[in-house]
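I have placed the structure first, in the form of structure tokens, so that the comments after it can refer back to it.
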Amino acid sequence: GHMQKTWSVPDFTISAMESYFHDLAAALDGLLAAGETYTASFSAEASDFVRFNCGKVRQPGSVVQRYVDVDLIHGARHASHHLSLAGDLPSDRERLRAAVAGLRAALPDLDADPHLLIATDVVSTRAARGGPLPPAEIVIDAVLGAARGQDLVGFYAGGPVCRGFANSFGQRNWHEATSFNLQWSLYHQADKAVKSALSGVVWDEAALVAKMNEARELLAHIAMPAKTLAPGKYRAFLAPAAMEDIGGILCWGGFSARALATKQSSLNRMRSDDGEGARLDPRVTIGEATADGVAPAFQSEGFARPERVPLIDAGRLTGALVSPRTAREFSLDTNGANGYEAPEALTMAGGTLAARDALSALGTGLYIGNLHYLNYSDRPACRMTGMTRFAT
């Protein structure tokens, strides 16, 4: 159950990754021919990964990887290249040179892109979130200690993730976030298990112990004989994990300005010219909160993201995520959404019911811990179907 230090991430500092990004951008600046511009998105990580099964470490490992996406632009023609980097500047400079040459050769054969929109106002930023995490060995010992006596299966991932943006106008954006994600199940038998998760930018062993104790309590419930429910309507409480599953499905185009403009969004019935569209309960408020998450506050065309984008306010659909291409096509203002116009930091405002009071407030009904295989059964009506699994 214990791990040795031999597999840990090689010597790596985020500051070295940041300076490497600036070296790559400088190399790209020197490769341009007259009339050309570029945008470049850099991504890198140095992560520990550990898999558990039967309450033991089964697969420890680490990964260091770096990538750059270069979009070469001439007039309204552009082409992009996704490049895996070795981390050795001379050889990576040569790879960049070859990539740009290949893009330059492809441009004359491409059609002009009528919806191309890139940021030309230079807004450079630098942000760092999360401090150093404890060594993975410390985290894993804490997990196995808290789960002692249980059949635990799951995985841990932790470490710094970096994102950068550069363009030929001199804009430079850097974002780094050191975080961890721990997901596990306590297994009972057959198809019965309790699923749990803990993530954040600061390791908190007390929070882990509290989550593990909660999972142990739920395990005692699902060890009881199962009840067979007759078809019908039941009052239900959706635990936060189940609510997150629903929120995840809504991210499939639900808040996309393009999907709303083309009537493809599952929330289309909430959008109406007279403001009298369908609405949710007035206690529901949902937004994109980049300032509170670990996603960067910029996107691949160089546009900044606001700290917050209101999407549903007091039950009414009031906003949407607008990518630069959608803004150009539909004459809207971009708010720095990604190309998929999917949220990266979706947040839902809290209500007035304390979690510890949920069961007594429910009375008789269904307490749903997770949803599984959730999908749209009727997208225009925003109707979903799926299964419950784990502790319900």
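The values are calculated or read from the model by the stated rules, or taken from the named source; none is laboratory data. Quick caveat: nothing in here was measured; it's all calculated off a predicted structure. When we count neighbours, we look across all protein chains shown, and the Cβ atoms used for this are built from the backbone with ideal geometry, even at glycine. Accessible surface is based on the protein model in full, side chains and every heavy atom, while ligands, DNA and RNA are left aside. Shrake-Rupley method; radii C 1.70, N 1.55, O 1.52, S 1.80 Å.
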Within the stretch 173-240, trypsin sites (Lys or Arg not before Pro) in DSSP loop having at most 14 other beta-carbon neighbours inside 10 Å: Lys227, Lys233, Arg235
Under the Karplus curve 6.51 cos²θ - 1.76 cosθ + 1.60, θ = phi - 60°, whole-Hz ³J(HN,Hα) for the stretch 254-266, x wherever Gly or Pro sits: x, 9, 6, 4, 5, 5, 5, 5, 9, 6, 9, 6, 5
Rounded Å value of the spacing that divides the Cα centres of the stretch 24-87 and the stretch 258-312: 28
Which of Thr228, Thr285, Thr388 is most accessible, then next, and so on - probe 1.4 Å: Thr228, Thr388, Thr285
Average accessible surface area per residue within the chain, 1.4 Å rolling probe, Å²: 53
Spatial separation of Cα centroids for the stretch 160-225 and the stretch 322-367, in angstrom: 19
Trypsin sites (Lys or Arg not before Pro) within the stretch 297-372, DSSP loop, no more than 16 other Cβ atoms inside 10 Å: Arg308
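With all protein chains present and a 1.4 Å probe, how do Cys382, Cys162, Cys54 order by accessible area, largest first? Numbers along the way, then the final one.
Values: Cys382 45, Cys162 0, Cys54 75 Å².
Largest to smallest exposure gives the sequence Cys54, Cys382, Cys162.
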Table column - 3J(HN,Hα) (Hz), the stretch 228-235, Karplus curve with 6.51, -1.76, 1.60, x for Gly and Pro: 9, 9, 6, x, x, 9, 9, 5
Reported label for calculated volume of the Cα convex hull per residue in Å³ given [x] 138; [y] 155; [z] 168: [z]
Accessible surface of Thr262 - all protein chains present, 1.4 Å probe, nearest 10 Å²: 60
Amide H contacts under 5 Å for Tyr367, placed H, 5+ residues apart: Phe237
Other-chain or far-sequence residues with amide H under 5 Å of Ser62's (modelled H): Phe49
Whole-percent carbon and sulfur share, accessible surface of the chain, 1.4 Å: 53
Per-residue ³J(HN,Hα) for the stretch 337-349, Karplus 6.51 cos²θ - 1.76 cosθ + 1.60, θ = phi - 60°, Hz, x for Gly and Pro: 6, 6, x, 7, 6, 9, x, 10, 8, 5, 9, 10, 5
Cut-off 14 Å between beta-carbons: net charge of the residues surrounding Ser323, Lys and Arg +1, Asp and Glu -1: -3
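Using a 1.4 angstrom probe on the protein heavy atoms only, line up Leu144, Leu280 by accessible area, largest first.
Leu280, Leu144
Using only DSSP helix segments of four residues or longer, with each worth -39500 (n - 2.57), what per-residue ellipticity at 222 nm results for the chain after dividing by its residue count and rounding to 500?
Details: 8 runs with 91 residues, N = 392.
The per-residue figure over the chain is -7000 deg cm²/dmol.
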Where labels lie 7 Å past Cα in the beta-carbon direction, separation of His115 and Ala190 in nm: 5.0
Local net charge near Ala210, Cβ-Cβ under 15 Å (Lys/Arg +1, Asp/Glu -1): -1
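How much net charge surrounds Gly365 when only other residues with a Cβ under 11 Å from its Cβ are counted (Lys, Arg +1; Asp, Glu -1)?
Details: positive: Lys233, Arg235; negative: none.
Taking every other residue near Gly365 into account, the sum is +2.
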